[in-house]
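A.B. asks: Quick one: structure below, then a few questions.
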Amino acid sequence: MQTRLAFEYVLTPQGIVRDQALVVGSDGRIERLEPANGPHDGFLAVPGIPNAHSHAFQRALAGYGEVPGARGGEDSFWSWREAMYRLASRVTPEDMFVIAREAFFDMLRGGFTSVAEFHYLHHLPDGRPGAEMGRAVITAAREVGIRLRLLPVFYQAGGFGKPARDEQQRFVHRSVEDFCGLLSELKDVELGLAPHSLRAVPPEVLGTLVDAARKVIGEQAPIHIHISEQRREVEECQAAYGATPIEVLARHVELNARWNLVHATHASPAECARVREADASVVLCPITEAYLGDGLFAADEFVSQGGRIAVGSDSNCRIDAVEELRLLEYGQRLRTERRARFATREGLGTPLWQQACRGGGAALGHSSGALAPGHYADVVAFHRGAAPLRGHDADSFMDALVIGGSRADISDVYVGGQRRMREGVCHGAEESARAFGRAMLRLNSV
Ligand SMILES: [Zn+2]
(Lines give C-alpha, C1' and ligand atoms only; values in the text may rest on other atoms or scores of the structure.)
Protein backbone atom coordinates (compact mmCIF):
# COMPACT_ATOMS: atom_id res chain seq x y z
CA MET A 1 0.00 0.00 0.00
CA GLN A 2 1.21 3.48 -0.82
CA THR A 3 1.34 6.41 1.57
CA ARG A 4 1.35 9.99 0.34
CA LEU A 5 2.88 12.70 2.52
CA ALA A 6 2.48 16.28 1.30
CA PHE A 7 4.48 19.26 2.57
CA GLU A 8 4.61 22.96 1.74
CA TYR A 9 8.40 22.72 1.40
CA VAL A 10 10.67 19.69 0.98
CA LEU A 11 14.47 19.66 1.24
CA THR A 12 15.55 17.47 -1.70
CA PRO A 13 19.11 16.78 -2.91
CA GLN A 14 18.51 19.64 -5.37
CA GLY A 15 17.52 22.07 -2.61
CA ILE A 16 14.18 23.16 -1.17
CA VAL A 17 11.19 22.57 -3.46
CA ARG A 18 7.70 23.94 -2.85
CA ASP A 19 4.41 21.96 -2.64
CA GLN A 20 5.64 18.41 -2.95
CA ALA A 21 4.30 15.01 -1.92
CA LEU A 22 6.42 11.99 -1.13
CA VAL A 23 4.83 8.84 -2.49
CA VAL A 24 5.99 6.03 -0.21
CA GLY A 25 5.79 2.32 -1.05
CA SER A 26 4.89 -0.48 1.33
CA ASP A 27 8.61 -1.08 1.96
CA GLY A 28 8.90 2.40 3.47
CA ARG A 29 10.93 3.78 0.56
CA ILE A 30 10.12 6.86 -1.47
CA GLU A 31 8.84 5.90 -4.93
CA ARG A 32 8.59 9.41 -6.30
CA LEU A 33 8.01 13.06 -5.51
CA GLU A 34 5.07 14.80 -7.15
CA PRO A 35 3.45 18.23 -6.99
CA ALA A 36 0.90 18.66 -4.20
CA ASN A 37 -1.08 21.82 -3.65
CA GLY A 38 -2.62 20.68 -0.38
CA PRO A 39 -3.96 19.80 2.01
CA HIS A 40 -0.48 19.45 3.49
CA ASP A 41 0.70 17.07 6.21
CA GLY A 42 3.27 19.55 7.40
CA PHE A 43 5.28 22.68 6.65
CA LEU A 44 8.99 22.04 6.00
CA ALA A 45 10.11 18.42 5.52
CA VAL A 46 13.78 17.49 5.67
CA PRO A 47 15.48 14.08 5.80
CA GLY A 48 15.88 12.76 9.33
CA ILE A 49 19.55 12.65 10.27
CA PRO A 50 20.98 9.17 10.86
CA ASN A 51 22.51 9.11 14.34
CA ALA A 52 25.86 7.53 13.52
CA HIS A 53 27.13 6.92 17.06
CA SER A 54 25.23 6.18 20.26
CA HIS A 55 25.74 4.40 23.56
CA ALA A 56 22.10 4.39 24.66
CA PHE A 57 22.75 3.36 28.28
CA GLN A 58 24.92 6.44 28.86
CA ARG A 59 21.70 8.51 28.70
CA ALA A 60 21.40 7.59 32.39
CA LEU A 61 24.69 9.34 33.18
CA ALA A 62 23.71 12.80 31.90
CA GLY A 63 24.07 15.41 34.61
CA TYR A 64 26.06 13.14 36.90
CA GLY A 65 29.81 13.43 37.32
CA GLU A 66 29.84 17.23 36.93
CA VAL A 67 31.99 17.73 40.05
CA PRO A 68 35.77 17.99 40.26
CA GLY A 69 37.53 14.63 39.92
CA ALA A 70 39.15 12.83 42.82
CA ARG A 71 42.63 13.93 41.78
CA GLY A 72 42.77 17.48 43.02
CA GLY A 73 39.93 18.84 40.91
CA GLU A 74 41.37 17.71 37.63
CA ASP A 75 38.38 16.15 35.96
CA SER A 76 38.82 14.52 32.60
CA PHE A 77 37.58 11.98 30.13
CA TRP A 78 39.32 9.36 32.23
CA SER A 79 37.53 10.26 35.48
CA TRP A 80 34.20 10.42 33.59
CA ARG A 81 34.97 6.93 32.31
CA GLU A 82 35.19 5.66 35.89
CA ALA A 83 31.68 7.04 36.56
CA MET A 84 30.46 5.37 33.36
CA TYR A 85 31.93 2.04 34.53
CA ARG A 86 30.11 2.35 37.87
CA LEU A 87 26.81 2.81 36.03
CA ALA A 88 27.60 0.05 33.53
CA SER A 89 28.21 -2.48 36.31
CA ARG A 90 24.61 -2.12 37.54
CA VAL A 91 22.46 -2.00 34.41
CA THR A 92 20.24 -5.08 34.00
CA PRO A 93 18.53 -6.06 30.71
CA GLU A 94 15.30 -4.48 32.06
CA ASP A 95 17.18 -1.24 32.83
CA MET A 96 18.81 -1.36 29.40
CA PHE A 97 15.41 -1.59 27.75
CA VAL A 98 14.02 1.33 29.78
CA ILE A 99 17.06 3.58 29.23
CA ALA A 100 17.43 2.74 25.54
CA ARG A 101 13.72 3.30 24.92
CA GLU A 102 13.93 6.75 26.52
CA ALA A 103 17.09 7.59 24.56
CA PHE A 104 15.49 6.43 21.30
CA PHE A 105 12.32 8.48 21.92
CA ASP A 106 14.60 11.43 22.59
CA MET A 107 16.36 10.78 19.29
CA LEU A 108 13.09 10.89 17.34
CA ARG A 109 12.13 14.11 19.15
CA GLY A 110 15.60 15.42 18.41
CA GLY A 111 15.50 14.91 14.65
CA PHE A 112 17.29 11.54 14.37
CA THR A 113 15.29 8.85 12.56
CA SER A 114 17.84 6.02 12.69
CA VAL A 115 20.64 5.05 15.02
CA ALA A 116 23.90 3.11 14.94
CA GLU A 117 24.00 1.69 18.45
CA PHE A 118 27.60 0.99 19.49
CA HIS A 119 26.70 -1.69 21.97
CA TYR A 120 29.34 -2.93 24.41
CA LEU A 121 27.42 -3.70 27.61
CA HIS A 122 27.09 -7.38 26.71
CA HIS A 123 27.12 -9.67 29.72
CA LEU A 124 24.71 -9.72 32.64
CA PRO A 125 25.68 -7.93 35.89
CA ASP A 126 26.73 -11.28 37.38
CA GLY A 127 28.98 -11.94 34.40
CA ARG A 128 26.85 -14.53 32.58
CA PRO A 129 27.17 -14.16 28.81
CA GLY A 130 24.31 -14.08 26.33
CA ALA A 131 22.39 -11.81 24.03
CA GLU A 132 19.87 -10.43 26.56
CA MET A 133 21.39 -6.95 26.71
CA GLY A 134 21.47 -6.66 22.92
CA ARG A 135 17.91 -7.99 22.75
CA ALA A 136 16.83 -5.24 25.16
CA VAL A 137 18.24 -2.61 22.78
CA ILE A 138 16.47 -4.21 19.81
CA THR A 139 13.12 -4.39 21.66
CA ALA A 140 13.45 -0.73 22.67
CA ALA A 141 14.15 0.37 19.09
CA ARG A 142 11.17 -1.62 17.80
CA GLU A 143 8.82 -0.16 20.40
CA VAL A 144 9.93 3.39 19.59
CA GLY A 145 10.00 2.81 15.84
CA ILE A 146 13.50 4.16 15.21
CA ARG A 147 15.54 2.45 12.48
CA LEU A 148 18.38 0.51 14.11
CA ARG A 149 21.81 -0.64 13.00
CA LEU A 150 23.16 -2.62 15.95
CA LEU A 151 26.94 -2.58 16.23
CA PRO A 152 28.00 -5.26 18.71
CA VAL A 153 31.36 -4.23 20.12
CA PHE A 154 34.41 -6.45 20.36
CA TYR A 155 36.42 -5.59 23.48
CA GLN A 156 39.40 -7.43 24.89
CA ALA A 157 42.02 -5.28 26.58
CA GLY A 158 42.13 -2.62 29.29
CA GLY A 159 44.54 -0.37 27.42
CA PHE A 160 47.56 -0.74 25.13
CA GLY A 161 49.19 -4.00 26.25
CA LYS A 162 47.09 -4.21 29.42
CA PRO A 163 44.56 -6.87 30.46
CA ALA A 164 40.93 -5.84 30.88
CA ARG A 165 40.08 -4.61 34.37
CA ASP A 166 37.32 -6.05 36.59
CA GLU A 167 34.93 -3.20 35.75
CA GLN A 168 35.41 -3.87 32.02
CA GLN A 169 34.50 -7.57 32.22
CA ARG A 170 30.90 -7.07 31.09
CA PHE A 171 32.25 -5.77 27.76
CA VAL A 172 34.85 -8.47 27.15
CA HIS A 173 34.81 -11.52 24.87
CA ARG A 174 37.66 -13.91 25.43
CA SER A 175 37.91 -14.86 21.77
CA VAL A 176 36.77 -13.82 18.32
CA GLU A 177 34.90 -17.13 18.18
CA ASP A 178 32.88 -16.31 21.33
CA PHE A 179 32.08 -12.89 19.90
CA CYS A 180 30.91 -14.34 16.59
CA GLY A 181 28.57 -16.54 18.62
CA LEU A 182 26.93 -13.37 19.92
CA LEU A 183 26.69 -11.97 16.38
CA SER A 184 24.93 -15.16 15.28
CA GLU A 185 22.43 -14.85 18.13
CA LEU A 186 21.58 -11.28 17.13
CA LYS A 187 21.66 -11.57 13.37
CA ASP A 188 17.91 -11.30 12.81
CA VAL A 189 18.47 -7.50 12.93
CA GLU A 190 20.78 -5.43 10.76
CA LEU A 191 24.22 -5.70 12.28
CA GLY A 192 27.56 -4.04 11.82
CA LEU A 193 30.85 -4.57 13.61
CA ALA A 194 32.55 -2.37 16.16
CA PRO A 195 36.05 -3.14 17.35
CA HIS A 196 35.86 -0.81 20.38
CA SER A 197 39.18 1.01 19.92
CA LEU A 198 42.86 0.25 19.63
CA ARG A 199 42.95 0.60 23.43
CA ALA A 200 40.55 -2.33 23.75
CA VAL A 201 41.42 -4.44 20.70
CA PRO A 202 45.06 -5.31 20.00
CA PRO A 203 45.62 -4.34 16.34
CA GLU A 204 47.02 -7.76 15.47
CA VAL A 205 43.57 -9.23 16.28
CA LEU A 206 41.72 -6.84 13.95
CA GLY A 207 42.24 -8.75 10.69
CA THR A 208 40.98 -12.03 12.16
CA LEU A 209 38.04 -10.25 13.78
CA VAL A 210 36.93 -8.52 10.58
CA ASP A 211 37.25 -11.69 8.47
CA ALA A 212 35.33 -13.81 10.98
CA ALA A 213 32.60 -11.22 11.60
CA ARG A 214 32.03 -10.65 7.88
CA LYS A 215 30.98 -14.28 7.51
CA VAL A 216 28.08 -13.58 9.91
CA ILE A 217 27.13 -9.96 9.20
CA GLY A 218 27.92 -9.81 5.47
CA GLU A 219 30.56 -8.12 3.33
CA GLN A 220 28.71 -4.82 3.06
CA ALA A 221 27.99 -4.28 6.76
CA PRO A 222 29.54 -1.12 8.24
CA ILE A 223 32.47 -1.23 10.68
CA HIS A 224 32.91 1.43 13.37
CA ILE A 225 35.83 2.08 15.73
CA HIS A 226 36.62 4.79 18.29
CA ILE A 227 39.94 6.31 17.34
CA SER A 228 42.22 9.22 18.30
CA GLU A 229 39.70 10.60 20.77
CA GLN A 230 42.16 11.63 23.45
CA ARG A 231 45.74 12.91 23.29
CA ARG A 232 46.76 10.37 25.93
CA GLU A 233 45.44 7.58 23.70
CA VAL A 234 47.55 8.86 20.77
CA GLU A 235 50.66 9.03 22.99
CA GLU A 236 50.10 5.52 24.35
CA CYS A 237 49.57 4.19 20.83
CA GLN A 238 52.80 5.80 19.66
CA ALA A 239 54.66 4.36 22.63
CA ALA A 240 53.25 0.87 21.98
CA TYR A 241 53.45 0.72 18.19
CA GLY A 242 55.69 3.60 17.09
CA ALA A 243 52.87 5.10 15.02
CA THR A 244 49.66 7.12 15.44
CA PRO A 245 46.32 5.29 15.76
CA ILE A 246 45.01 5.67 12.21
CA GLU A 247 48.42 4.64 10.81
CA VAL A 248 48.33 1.56 13.02
CA LEU A 249 44.77 0.77 11.96
CA ALA A 250 45.63 1.12 8.27
CA ARG A 251 48.54 -1.30 8.69
CA HIS A 252 46.26 -4.04 9.99
CA VAL A 253 43.05 -3.69 7.97
CA GLU A 254 42.07 -2.54 4.53
CA LEU A 255 40.41 0.81 5.18
CA ASN A 256 37.54 1.38 2.76
CA ALA A 257 34.07 2.92 2.48
CA ARG A 258 32.71 0.45 5.06
CA TRP A 259 34.94 1.92 7.79
CA ASN A 260 33.75 4.69 10.10
CA LEU A 261 36.26 6.32 12.39
CA VAL A 262 34.53 7.75 15.43
CA HIS A 263 35.96 11.07 16.73
CA ALA A 264 39.40 11.04 15.03
CA THR A 265 39.83 14.22 17.07
CA HIS A 266 43.61 14.28 17.11
CA ALA A 267 44.21 12.82 13.63
CA SER A 268 47.15 14.42 11.81
CA PRO A 269 46.73 15.93 8.31
CA ALA A 270 48.49 12.85 6.87
CA GLU A 271 46.07 10.54 8.68
CA CYS A 272 43.11 12.61 7.41
CA ALA A 273 44.41 12.30 3.85
CA ARG A 274 44.66 8.54 4.29
CA VAL A 275 41.03 8.36 5.51
CA ARG A 276 39.83 10.39 2.51
CA GLU A 277 41.80 8.28 0.04
CA ALA A 278 40.26 5.13 1.52
CA ASP A 279 36.78 6.70 1.22
CA ALA A 280 36.21 5.97 4.93
CA SER A 281 34.00 8.28 7.03
CA VAL A 282 34.69 10.25 10.18
CA VAL A 283 31.88 10.25 12.75
CA LEU A 284 31.81 13.40 14.86
CA CYS A 285 29.87 13.84 18.08
CA PRO A 286 30.20 17.58 18.75
CA ILE A 287 28.08 17.77 21.92
CA THR A 288 29.76 14.76 23.54
CA GLU A 289 33.24 15.77 22.42
CA ALA A 290 32.64 19.13 24.12
CA TYR A 291 31.06 17.43 27.16
CA LEU A 292 34.09 15.16 27.58
CA GLY A 293 36.65 17.85 26.77
CA ASP A 294 38.09 15.78 23.90
CA GLY A 295 39.24 18.59 21.60
CA LEU A 296 38.33 19.60 18.05
CA PHE A 297 38.79 17.64 14.84
CA ALA A 298 39.66 19.85 11.84
CA ALA A 299 36.31 19.00 10.26
CA ASP A 300 36.06 22.01 7.95
CA GLU A 301 39.39 21.16 6.28
CA PHE A 302 38.47 17.48 6.06
CA VAL A 303 35.17 18.25 4.33
CA SER A 304 36.55 20.96 2.03
CA GLN A 305 39.09 18.40 0.80
CA GLY A 306 36.36 15.88 0.00
CA GLY A 307 36.10 13.98 3.29
CA ARG A 308 32.81 12.48 4.43
CA ILE A 309 31.48 13.14 7.93
CA ALA A 310 28.52 11.88 9.93
CA VAL A 311 27.26 12.99 13.34
CA GLY A 312 26.29 11.05 16.44
CA SER A 313 24.82 11.76 19.86
CA ASP A 314 27.34 9.38 21.52
CA SER A 315 26.91 9.86 25.30
CA ASN A 316 23.31 11.05 24.79
CA CYS A 317 23.79 13.71 27.47
CA ARG A 318 21.75 16.01 25.18
CA ILE A 319 20.02 14.70 22.08
CA ASP A 320 19.32 17.30 19.40
CA ALA A 321 20.41 16.95 15.78
CA VAL A 322 20.08 20.69 15.13
CA GLU A 323 22.33 21.49 18.08
CA GLU A 324 24.87 18.90 16.96
CA LEU A 325 25.17 20.64 13.60
CA ARG A 326 25.36 24.09 15.17
CA LEU A 327 28.12 23.02 17.54
CA LEU A 328 29.93 21.29 14.67
CA GLU A 329 29.98 24.61 12.80
CA TYR A 330 30.73 26.75 15.85
CA GLY A 331 33.58 24.51 16.99
CA GLN A 332 35.31 25.15 13.68
CA ARG A 333 34.64 28.90 13.98
CA LEU A 334 36.29 28.92 17.40
CA ARG A 335 39.15 26.76 16.18
CA THR A 336 39.93 28.88 13.11
CA GLU A 337 38.64 32.33 14.20
CA ARG A 338 36.64 32.44 10.96
CA ARG A 339 32.92 32.17 10.12
CA ALA A 340 30.69 30.01 7.90
CA ARG A 341 33.08 27.05 7.81
CA PHE A 342 30.74 24.58 6.10
CA ALA A 343 28.94 27.13 3.93
CA THR A 344 28.69 26.97 0.15
CA ARG A 345 26.78 29.17 -2.29
CA GLU A 346 23.65 27.45 -0.96
CA GLY A 347 24.34 28.89 2.48
CA LEU A 348 25.28 27.00 5.61
CA GLY A 349 22.29 24.96 6.78
CA THR A 350 21.59 22.99 3.60
CA PRO A 351 25.12 21.70 2.94
CA LEU A 352 25.65 20.95 6.63
CA TRP A 353 22.37 19.02 6.91
CA GLN A 354 23.07 17.15 3.68
CA GLN A 355 26.62 16.27 4.76
CA ALA A 356 25.30 14.77 7.99
CA CYS A 357 22.61 12.85 6.08
CA ARG A 358 24.97 11.53 3.41
CA GLY A 359 27.65 10.55 5.91
CA GLY A 360 25.06 9.10 8.26
CA GLY A 361 23.47 6.99 5.54
CA ALA A 362 26.91 5.57 4.70
CA ALA A 363 27.77 5.00 8.38
CA LEU A 364 24.56 3.06 8.98
CA GLY A 365 24.70 1.28 5.63
CA HIS A 366 21.14 2.39 4.89
CA SER A 367 19.56 4.10 1.91
CA SER A 368 18.44 6.97 4.06
CA GLY A 369 19.32 10.60 4.51
CA ALA A 370 17.76 11.97 1.31
CA LEU A 371 14.18 12.75 0.33
CA ALA A 372 14.56 11.18 -3.10
CA PRO A 373 13.34 8.04 -4.87
CA GLY A 374 14.84 4.81 -3.50
CA HIS A 375 15.57 6.24 -0.06
CA TYR A 376 13.61 5.48 3.08
CA ALA A 377 10.92 8.03 3.87
CA ASP A 378 12.62 9.02 7.14
CA VAL A 379 11.32 12.56 7.51
CA VAL A 380 11.51 15.35 10.07
CA ALA A 381 8.95 18.14 9.66
CA PHE A 382 9.36 21.58 11.20
CA HIS A 383 6.50 23.77 12.48
CA ARG A 384 5.08 26.43 10.23
CA GLY A 385 5.17 28.86 13.13
CA ALA A 386 8.70 27.95 14.33
CA ALA A 387 10.19 31.19 15.64
CA PRO A 388 13.57 30.84 13.89
CA LEU A 389 11.82 30.55 10.50
CA ARG A 390 9.80 33.75 10.79
CA GLY A 391 10.69 36.30 8.14
CA HIS A 392 12.67 33.70 6.19
CA ASP A 393 11.89 32.04 2.88
CA ALA A 394 13.00 28.81 1.22
CA ASP A 395 16.44 30.28 0.44
CA SER A 396 17.29 30.74 4.10
CA PHE A 397 15.09 28.30 6.07
CA MET A 398 17.95 25.87 6.69
CA ASP A 399 20.38 28.61 7.72
CA ALA A 400 17.79 29.96 10.15
CA LEU A 401 17.26 26.50 11.65
CA VAL A 402 20.92 25.66 12.07
CA ILE A 403 21.75 29.04 13.60
CA GLY A 404 18.66 29.65 15.73
CA GLY A 405 16.62 26.44 15.84
CA SER A 406 16.43 23.31 17.95
CA ARG A 407 14.43 20.13 18.43
CA ALA A 408 11.65 22.29 19.88
CA ASP A 409 10.86 23.42 16.33
CA ILE A 410 10.13 19.88 15.12
CA SER A 411 6.43 19.01 14.75
CA ASP A 412 6.30 15.52 13.21
CA VAL A 413 8.65 12.65 12.54
CA TYR A 414 8.21 9.74 10.12
CA VAL A 415 10.28 6.58 9.84
CA GLY A 416 9.74 4.60 6.64
CA GLY A 417 6.70 6.78 5.92
CA GLN A 418 5.05 5.92 9.27
CA ARG A 419 4.34 8.80 11.61
CA ARG A 420 6.22 8.25 14.88
CA MET A 421 5.74 11.75 16.32
CA ARG A 422 2.70 13.98 15.89
CA GLU A 423 2.75 17.58 17.03
CA GLY A 424 5.68 16.89 19.33
CA VAL A 425 4.15 13.77 20.90
CA CYS A 426 5.40 10.18 20.49
CA HIS A 427 3.01 7.38 21.34
CA GLY A 428 4.19 5.68 24.56
CA ALA A 429 6.64 8.43 25.51
CA GLU A 430 4.91 9.31 28.79
CA GLU A 431 5.17 5.77 30.14
CA SER A 432 8.78 5.65 28.92
CA ALA A 433 9.66 8.85 30.79
CA ARG A 434 8.11 7.59 34.04
CA ALA A 435 9.94 4.26 33.85
CA PHE A 436 13.17 6.06 33.00
CA GLY A 437 12.79 8.31 36.03
CA ARG A 438 12.35 5.30 38.31
CA ALA A 439 15.38 3.55 36.81
CA MET A 440 17.52 6.68 37.18
CA LEU A 441 16.65 7.00 40.87
CA ARG A 442 17.57 3.38 41.51
CA LEU A 443 20.74 3.28 39.39
CA ASN A 444 22.15 6.52 40.74
CA SER A 445 21.07 6.04 44.34
CA VAL A 446 24.30 4.55 45.69
ZN1 LIG B 1 31.51 6.38 21.80
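A.B. asks: Say we join alpha carbon atoms closer than 10 Å with springs in a Gaussian network model of the chain; which of Ile99, Ile225, Ile16 then has the biggest fluctuation?
C.D. replies: Taking springs between Cα atoms under 10 Å, the residue moving most is Ile16.
A.B. asks: Roughly what angle does helix 231-241 make with the longest principal axis of the chain, taking Cα atoms, 0 to 90 degrees, to the nearest 10?
C.D. replies: Approximately 50 degrees, to the nearest 10.
A.B. asks: With every protein chain present, what is the per residue accessible area of segment 400-441 (1.4 Å probe, Å²)? Don't jump to the answer; show the numbers that get you there.
C.D. replies: Working: 2030 Å² over 42 residues.
The answer is 48 Å² per residue.
A.B. asks: Given the options Gly428, Gly28, Gly417, state which has the largest fluctuation in a GNM of the chain using a 10 Å cut-off (strictly under) for Cα springs.
C.D. replies: The residue with the greatest mean-square fluctuation here is Gly428.
A.B. asks: Taking only Cα atoms, what is the 0 to 90° angle, nearest 10, from helix 176-186's long axis to the longest principal axis of the chain?
C.D. replies: Computed tilt is about 30 degrees.
A.B. asks: In whole percent, and with a 1.4 Å probe on the protein chains, what portion of the accessible area of segment 1-51 is carbon and sulfur? It would help to have the intermediate numbers written out before the result.
C.D. replies: Values: 1000 of 2210 Å².
Carbon plus sulfur share of accessible area: 45 percent.
A.B. asks: Quote the relative contact order of the chain in percent (integer), defining contacts as alpha-carbon pairs under 8 Å separated by 6+ residues. Write out the running numbers ahead of the final one.
C.D. replies: Working: 960 pairs, mean separation 92.7, N = 446.
Computed value for the chain: 21 percent relative contact order.
A.B. asks: I've got another one for you. Whose amide H sits under 5 Å from the amide H of Ser54, counting only residues 5 or more places off or on another chain, with H placed in the peptide plane?
C.D. replies: Those qualifying (amide H under 5 Å, at least 5 residues apart or on another chain) are Ala116, Phe118, Asp314.
A.B. asks: Efficiency by 1/(1 + (r/R0)^6): what FRET value for Thr336 and Arg251, r their Cβ-Cβ distance, R0 = 41 Å, to the nearest 0.05? Write out the running numbers ahead of the final one.
C.D. replies: Numbers: r = 31 Å, r/R0 = 0.77.
It comes to 0.85.
A.B. asks: Along segment 394-411, what does the Karplus equation 6.51 cos²θ - 1.76 cosθ + 1.60 (θ = phi - 60°) give for ³J(HN,Hα), rounded to whole Hz, x for Gly and Pro?
C.D. replies: 4, 5, 10, 3, 5, 4, 4, 5, 5, 7, x, x, 6, 4, 5, 8, 7, 9
A.B. asks: Okay, moving on. Probe radius 1.4 Å, ligands and nucleic acids left out: which of Cys317, Cys272 has the largest accessible area, and how do the rest follow? Mind showing how you got there, number by number?
C.D. replies: Numbers: Cys317 35, Cys272 15 Å².
Reading off the accessible areas and sorting them downward yields Cys317, Cys272.
A.B. asks: By how many nm would the segment from Glu82 to Asp19 lengthen if fully extended, with 0.36 nm per residue of separation less the alpha-carbon distance? Walk me through the numbers on the way to the answer.
C.D. replies: On the way: separation 63, 0.36 × 63 = 22.68 nm, distance 5.19 nm.
Gain on stretching Glu82 to Asp19: 17.5 nm.
A.B. asks: Quick check for me: using +1 on Lys/Arg Cβ and -1 on Asp/Glu Cβ, what's the dipole size of segment 311-434 about its Cα centre, in debye to the nearest 20? Mind showing how you got there, number by number?
C.D. replies: Details: 16 positive and 16 negative charges, 50 e Å.
Roughly 240 debye for segment 311-434.
A.B. asks: Next question, about the same structure. State whether segment 232-286 is rounded, prolate or oblate according to the following rule on the C-alpha gyration tensor (a ≥ b ≥ c being the square roots of its eigenvalues): a/c under 1.5 gives rounded; otherwise a/b larger than b/c gives prolate, and the remaining case gives oblate.
C.D. replies: oblate
A.B. asks: Same structure, new question: Antiparallel versus total DSSP beta bridges in segment 87-201: what percent is that, nearest 5?
C.D. replies: Values: 2 of 11 bridges.
Here the antiparallel bridges make up roughly 20 percent for segment 87-201.
A.B. asks: Can you tell me how segment 71-137 classifies by the Cα gyration tensor, rounded, prolate or oblate, using a/c under 1.5 as the rounded cut?
C.D. replies: Details: a/c = 2.50, a/b = 1.19, b/c = 2.10.
Oblate shape, in that a/c is at least 1.5 and b/c is the bigger or equal ratio.
A.B. asks: Calculate, in nm to one decimal, what Gln220 and Glu204 gain on full extension: separation in residues at 0.36 nm each, minus their alpha carbon distance. Walk me through the intermediate numbers first.
C.D. replies: Details: separation 16, 0.36 × 16 = 5.76 nm, distance 2.23 nm.
Full extension from Gln220 to Glu204 adds 3.5 nm.
A.B. asks: Please find, in a Gaussian network model of the chain (springs between Cα atoms separated by less than 10 Å), the residue of His55, His119, His40 whose mean-square fluctuation is greatest.
C.D. replies: Comparing His55, His119, His40 in a Gaussian network model of the chain, the most mobile one is His40.
A.B. asks: Next question. Can you tell me the dipole magnitude for the chain around its Cα centre, using point charges on the Cβ only (Lys, Arg +1; Asp, Glu -1), in Debye to the nearest 20?
C.D. replies: Working: 49 positive and 57 negative charges, 45 e Å.
That gives a dipole near 220 debye.
A.B. asks: With the other protein chains left in place, how much accessible area per residue, in square angstrom, belongs to segment 1-139 at a 1.4 angstrom probe? Show your work: numbers first, answer last.
C.D. replies: Working: 5170 Å² over 139 residues.
Result: 37 Å² per residue.
A.B. asks: Just want the answer: with Cβ charges of +1 for Lys and Arg and -1 for Asp and Glu, which residue in Met107, Val234, Trp259 is farthest toward the dipole's positive end in the chain?
C.D. replies: Met107
A.B. asks: Here's something else I'd like to know. If you line up the long axis of helix 321-336 against the longest principal axis of the chain, both from Cα atoms, how many degrees apart are they, to the nearest 10?
C.D. replies: Once rounded, the angle reads 70 degrees.
A.B. asks: Now, a different point. Can you list residues from other chains, or at least 5 along the same chain, whose modelled amide H is less than 5 Å from the amide H of Arg258?
C.D. replies: Here nothing satisfies the definition.
A.B. asks: Positive end of the charge dipole of the chain (Lys, Arg +1 and Asp, Glu -1 on Cβ, about the Cα centre): tell me which of Thr208, Ala372, Phe57 has its Cα farthest that way.
C.D. replies: In the chain, that residue is Phe57.
A.B. asks: Pairs of alpha-carbon atoms within less than 8 angstrom and 6+ residues apart define the contacts here; what relative contact order does segment 31-103 have, in percent?
C.D. replies: On the way: 24 pairs, mean separation 27.5, N = 73.
Reported as a whole number, the value is 38 percent.
The values are calculated or read from the model by the stated rules, or taken from the named source; none is laboratory data. These numbers were taken from a predicted model, which means no experiment stands behind them. Heads up, the Cβs are rebuilt from the backbone with ideal geometry, glycines too, and the neighbour counts pull from every protein chain shown. Protein only, heavy atoms only, side chains kept; ligands, DNA and RNA dropped before computing areas. Shrake-Rupley method; radii C 1.70, N 1.55, O 1.52, S 1.80 Å.
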